[in-house]
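Novice: Below you'll find the structure I mean.
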Amino acid sequence: MTNDIQHYKRVVAATGQARWDGIISFGAFSDRERSMACNTQSDDTIYEDEVMNAKKQIKLWANNYYLNRWENQPIYPEVLIEKKALEGVFYKTCMTNGVALGACKGYPSLTFLHDISFRIKEAEYRGKQPIILYFGDYDPSGEDIPRALRENLIQLGCNEELEVRRICLNEDQVIDWGLPPAPTKDTDSRSVHWTGLGQVELDAVKPEKLMNLLQGAIDEVFDEELYDELKERERREATMYRTELKEFIENNLT
């Protein structure tokens with residue numbers, strides 16, 4: 001197989017047929033572009049189950065006091081990826097580390113940038129240093145998107161010191177990992193003045209490698225000593241939190 005549109009279409013067709021034939025599970029794929037906005041609730045309500053669920057919820061509430069992971073950190077990070085289809089690869093690591101994740105879907109829209117600028121400016125107002133960790137394709141547009149991100153966010157009022165750190169995919173990674181480039185797209189006007197090796201999509205990198213790169217990039221901007229201080233404060237306040245909830249239930253639910 002070569003990295004071109006003809007073989008891409010063959011892979012799409014083959015994996016589609018493999019699902020119909022039962023060779024590949026339908027659950028092996030995700031489609032984040034198409035999803036149901038609401039669900040129809042039609043199951044019977046069982047009283048005993050509702051009581052049990054309520055007790056579980058009360059217990060969870062009582063033990064669910066956590067301080068925000070980044071609240072005493074000097075850095076405010078967000079992760080932006082070029083493609084919506086790869087959101088699932090990055091989601092768990094971002095959730096575990098309490099870091100925002102968004103998909104630009106190529107060059108981001110002005111609405112998307114405007115929303116980001118509000119969060120960046122709020123972080124700057126609180127004295128934090130915002131950093132965007134970016135993952136995109138190795139091609140003319142993919143390399144240019146971080147520049148456009150930074151320039152547009154500054155134009156929207158963010159500090160000129162805003163850093164957009166490109167984590168992947170870079171030329172040295174393409175070479176080191178032996179990723180085969182395809183010719184750049186004729187439809188990309190930036191390819192005329194681009195001197196890169198060719199085009200390699202971020203999808204060509206193994207998910208495990210992307211997750212490790214993401215975790216490493218987050219670790220670089222995270223201060224563990226400050227986090228230890230935060231956890232100590234969290235333990236003290238969690239005890240007070242449970243006591244106040246217990247007193248509230250005893251005094252208000254009788």
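Novice: Checking the structure you have, find out if any residue of region 159-167 is in contact with a Leu (Cβ under 7 Å, 6 or more places away or on another chain), in contact (Cβ under 8 Å) with a residue 12 or more places away in the chain, outside any helix (DSSP H, G or I) and β-branched (Val, Ile, Thr). Spell out the reasoning first.
Specialist: Taking region 159-167 and keeping what is in contact with a Leu (Cβ under 7 Å, 6 or more places away or on another chain), we get 162, 164-165, 167.
So of that shortlist, the ones also in contact (Cβ under 8 Å) with a residue 12 or more places away in the chain come out as 162, 164-165, 167.
Still in the running and outside any helix (DSSP H, G or I): 162, 164-165, 167.
The next check asks that each one be β-branched (Val, Ile, Thr); those that pass are 164, 167.
Within region 159-167, one or more residues are in contact with a Leu (Cβ under 7 Å, 6 or more places away or on another chain), in contact (Cβ under 8 Å) with a residue 12 or more places away in the chain, outside any helix (DSSP H, G or I) and β-branched (Val, Ile, Thr).
Novice: To continue, here is another question. So which pairs qualify, if the first residue must be in region 55-76 and β-branched (Val, Ile, Thr), the second must be modelled with pLDDT of 95 or more and part of a loop (DSSP other than H, G, I, E, B), the Cβ gap must be under 6 Å, and the two must be at least 6 apart or on different chains?
Specialist: The qualifying pairs are Ile75/Val221.
Novice: Hey, does region 35-50 have a residue that's part of a helix (DSSP H, G or I) and either touching a helix residue (DSSP H, G or I) at 6+ places or on another chain (Cβ under 8 Å) or β-branched (Val, Ile, Thr) (or both)?
Specialist: We begin by selecting, within region 35-50, every residue part of a helix (DSSP H, G or I); these are 47-50.
The next check asks that each one be either touching a helix residue (DSSP H, G or I) at 6+ places or on another chain (Cβ under 8 Å) or β-branched (Val, Ile, Thr) (or both); those that pass are none.
For region 35-50, residues part of a helix (DSSP H, G or I) and either touching a helix residue (DSSP H, G or I) at 6+ places or on another chain (Cβ under 8 Å) or β-branched (Val, Ile, Thr) (or both): absent.
Novice: Name the single residue that is farthest from Phe29 (Cα to Cα) among those in region 81-100 being at pLDDT 95 or above, part of a helix (DSSP H, G or I) and not aliphatic (A, V, I, L, M).
Specialist: Only one residue tops the list, namely Asn97.
Novice: Which one of the conditions (1) surrounded by 10 or more Cβ atoms within 10 Å (Cβ to Cβ); (2) under 27 Å from the mean Cα position of the chain (by Cα); (3) not charged (D, E, K, R) does Gly178 fail to meet, given that it meets all the rest?
Specialist: (1)
Novice: Just one of (1) buried (at least 20 other Cβ atoms within 10 Å of the Cβ); (2) assigned to a helix (DSSP H, G or I) trips up Phe118, so point out which.
Specialist: Failed condition: (1).
Novice: If you don't mind, there's one more thing I want to ask. Scan region 181-192 for residues that are part of a loop (DSSP other than H, G, I, E, B), of a type outside the set (Ser, Thr, Tyr) and either out of contact with any helix residue (DSSP H, G or I) (no Cβ under 8 Å at 6 or more places or on another chain) or surrounded by 15 or more Cβ atoms within 10 Å (Cβ to Cβ) (or both) and report the count. Step through it out loud before you land on a result.
Specialist: So in region 181-192, the residues part of a loop (DSSP other than H, G, I, E, B) come out as 181, 183-188.
Right, trim to of a type outside the set (Ser, Thr, Tyr) and you get 181, 183, 185-186, 188.
Of the ones still in play, those that are also either out of contact with any helix residue (DSSP H, G or I) (no Cβ under 8 Å at 6 or more places or on another chain) or surrounded by 15 or more Cβ atoms within 10 Å (Cβ to Cβ) (or both) are 181, 183, 186, 188.
Of the residues in region 181-192, 4 are part of a loop (DSSP other than H, G, I, E, B), of a type outside the set (Ser, Thr, Tyr) and either out of contact with any helix residue (DSSP H, G or I) (no Cβ under 8 Å at 6 or more places or on another chain) or surrounded by 15 or more Cβ atoms within 10 Å (Cβ to Cβ) (or both).
The values are calculated or read from the model by the stated rules, or taken from the named source; none is laboratory data. Note that the structure is a prediction, hence the values are computed from the model and not measured. Methodologically, a virtual Cβ is constructed for each residue, glycine included, from the backbone with ideal geometry; neighbour enumeration extends over all protein chains shown.
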